[in-house]
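Below you'll find the structure, written out as C-alpha cells, and then a few comments.
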Amino acid sequence: MGIKINIETCTGCASCVAVCPFGVMEIKDDKAYVNVGCTLCGACKEACAFEAVIIEEEAKAPAAEGHRGIWVFAEQREGEIKSVGYELLSRGRELADSLQAEPSGRGLKTELCAVCLGNNIKNAEQLIAYGADKVFLVDDPALGSQSEDLYAGALVKLIQEHKPEIVLVGATSLGRSLIPRVAATLQTGLTADCTDLAIDTEKRLLLQTRPAFGGNIMATIICEAKRPQMATVRPRVFAKKPFSGRQGQIIKVDFDKAAVTSKTRLLSFVADLKEKIKIEDADIIVSGGRGLEKPENFKLIEELARVMGAAVGSSRPPVDEGWIPYSHQVGQTGKTVRPKLYIACGISGSVQHLAGMQTSECIVAINNDPNAPIFEIATYGIVGDLFKVVPMMIDKLKG
Ligand SMILES: Cc1cc2nc3c(=O)[nH]c(=O)nc-3n(C[C@H](O)[C@H](O)[C@H](O)COP(=O)(O)OP(=O)(O)OC[C@H]3O[C@@H](n4cnc5c(N)ncnc54)[C@H](O)[C@@H]3O)c2cc1C
C-alpha cells in the first residue's frame, strides 16, 4: 500500500493537514506533501474535496495461492522441547481440522507441521503425539547455541520451500527475537502475544486476538494480503492435549551452513538464580500485590509459597517498586501462567493482571475490599486482612 498526491487536482487548501492525526501532512509549494510516519489511516483522503489523495491498495488474493498448512515452531533448550511447542500444536490441530472441514477446502488435507531446530534434540516424536502430521527436524551442532540469525535463516528457507499458510511461535525470549526477523524477511505480517486464535474458514484467514490500547479492548487482527500469516502466543495460553496412537512423519533436514551465517555469538548463558521455581512451570503460585505495602512484607508471601512448594508471583506495582524482580510479574506485560492453584494476596484484579492468570484452574483471592474485581473471577474469595489470613494459612499448613 502507498499514498500519493495528485498535484493536478490538489489546490493546497490544507484540509488534509488539519485532519491528519499523526501530523505528517504539510503544504509545500502550494501542494499537499506527505512526510515519513504516515499510517495510511485515510483521514486525509476523506477530508479532501478534490480527490487529490490516492491510497493504493495491494492486490489481496494472489498472496494466498499455493500456501497450505499450519506450522508450529517447536522451541527447545539444550535438546528438551519446551512446553509452549506442545501447547501450540494442540491448538494448531484444532485450527488445521477446522480448515480441513472448510466448505471450499477442495478436499485438500491441511497438514499441521512442527519445525524444530537445535542440536541433539530429544523426543521429537512427542510432537506427533501432540498433533503434528510432520516434523521438520534440523539437528546440527551449529544450532546448539540458539543463535537467532541462524535459526531465522534456516526457518525462512524452510518456509519459502514448503509455503505454509500459517506459522505459530511461542512468545518466549527466543521467539520474540527470532520471529520478527523471519516475518520481515518474508515481508509478511506478524501479530505478537495473541491470547486466542481462530479460523475464518470461508476466507482461510487466521483470526488473531490480542489485547490492545493498554488491555482495554481485545482486537482481532487479520493478515489478508500476505502469507504466511504469523502469530506469537505466550506460554500457557493454550492447554496441552496429547493424543494417543497418532502416526506422523519425522523429516530430517540438513542445515545449510554455507547459506546461513550469523553476525552474533553466544558467549554464555546465565540462569536467574533468584528464581527458585519458575512461575511459568509451577503448579501452585502465591502472588503478592500492592496490598503488601512494603518490600519486607513479601517475606510473608515467600513463606506461604515455601510451605506449599509454590512459586512466588507478583502484580506489577511491587515489580515497579523494586520489591521483587520482573521475572515474577504475572500479567499482560509479565508472564502468562496457568497453575492448578493461584493465590492472589492484596491484588485488586486489574484487567492487565487477569490477562496473565485467569485461566488458572483454581483461584483463591485474599483482599480486604469485598468489591475488589479479583473476586469476580476467584474460585474462592477470602475477604480479610492478608496480614492476618496469610499467617493463619502458614500455621495451618505447617501444622
Ligand atoms: C499497559 C499496562 C500493562 C500492565 N501490565 C501489568 C501486568 O503485567 N501485571 C499487573 O499486575 N499489572 C499490570 N499493569 C498494572 C495494572 O493496571 C494495575 O495497576 C495493577 O495490576 C495493580 O496491582 P495491584 O492489584 O497489586 O495493586 P492495586 O490495584 O493497588 O490493589 C491492591 C489491592 O490490595 C488490597 N489490599 C490492601 N491492603 C490489604 C490488606 N491488608 N489485606 C488484603 N488486601 C489488601 C486492596 O483492597 C486492593 O484491592 C499494567 C498496566 C498497564 C497500563
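Being at pLDDT 95 or above, among the hydrophobic types (A, V, I, L, M, F, W, C) and either open to solvent by less than 70 Å² (accessible area, probe 1.4 Å) or outside the structural domain of ARG176 (by TED's automatic domain parsing) (or both): is that true of ILE81 here?
Against the criterion (at pLDDT 95 or above, among the hydrophobic types (A, V, I, L, M, F, W, C) and either open to solvent by less than 70 Å² (accessible area, probe 1.4 Å) or outside the structural domain of ARG176 (by TED's automatic domain parsing) (or both)), ILE81 qualifies.
Cβ-Cβ contacts under 7 Å between residues 6 or more apart (or on different chains), taken from a first residue in segment 306-331 that is in contact (Cβ under 8 Å) with a residue 40 or more places away in the chain to a second residue that is open to solvent by 30 Å² or more (accessible area, probe 1.4 Å) and more than 7 Å from the ligand (Cβ to nearest atom), are listed as VAL307/LEU397; VAL307/LYS398; MET308/ILE284; MET308/LEU397; PRO325/LYS274; SER327/ASP272.
It is to be established whether one or more residues within segment 248-260 are within 16 Å of the ligand (Cβ to nearest atom) and among the small types (Gly, Ala, Ser).
First pass over segment 248-260, keeping only residues within 16 Å of the ligand (Cβ to nearest atom): none.
No, the conditions are met nowhere in segment 248-260.
Among the residues of segment 239-292, write down those that are open to solvent by 40 Å² or more (accessible area, probe 1.4 Å), outside the structural domain of VAL135 (by TED's automatic domain parsing) and among the small types (Gly, Ala, Ser). Passing the criteria: ALA258, ALA259, SER262, SER268, ALA271.
If the condition is being more than 16 Å from the ligand (Cβ to nearest atom), aliphatic (A, V, I, L, M) and under 30 Å from LEU341 (Cβ atoms), then segment 261-301 contributes ALA271, LEU273, ILE277, ALA282, ILE284.
Taking segment 171-206 as the range and being in a strand (DSSP E or B) and closer than 20 Å to GLU111 by Cβ as the test, the residues that pass are LEU197, ALA198, ILE199, ASP200, LEU205, LEU206.
The values are calculated or read from the model by the stated rules, or taken from the named source; none is laboratory data. Since the model is a prediction, treat every value here as computed from it, not as a measurement. Every residue, glycine among them, receives a Cβ derived from its backbone with ideal geometry; neighbour counts consider all protein chains shown. Heads up: the accessible areas ignore ligands, DNA and RNA and are worked out on the full protein's heavy atoms, side chains in. Shrake-Rupley method; radii C 1.70, N 1.55, O 1.52, S 1.80 Å.
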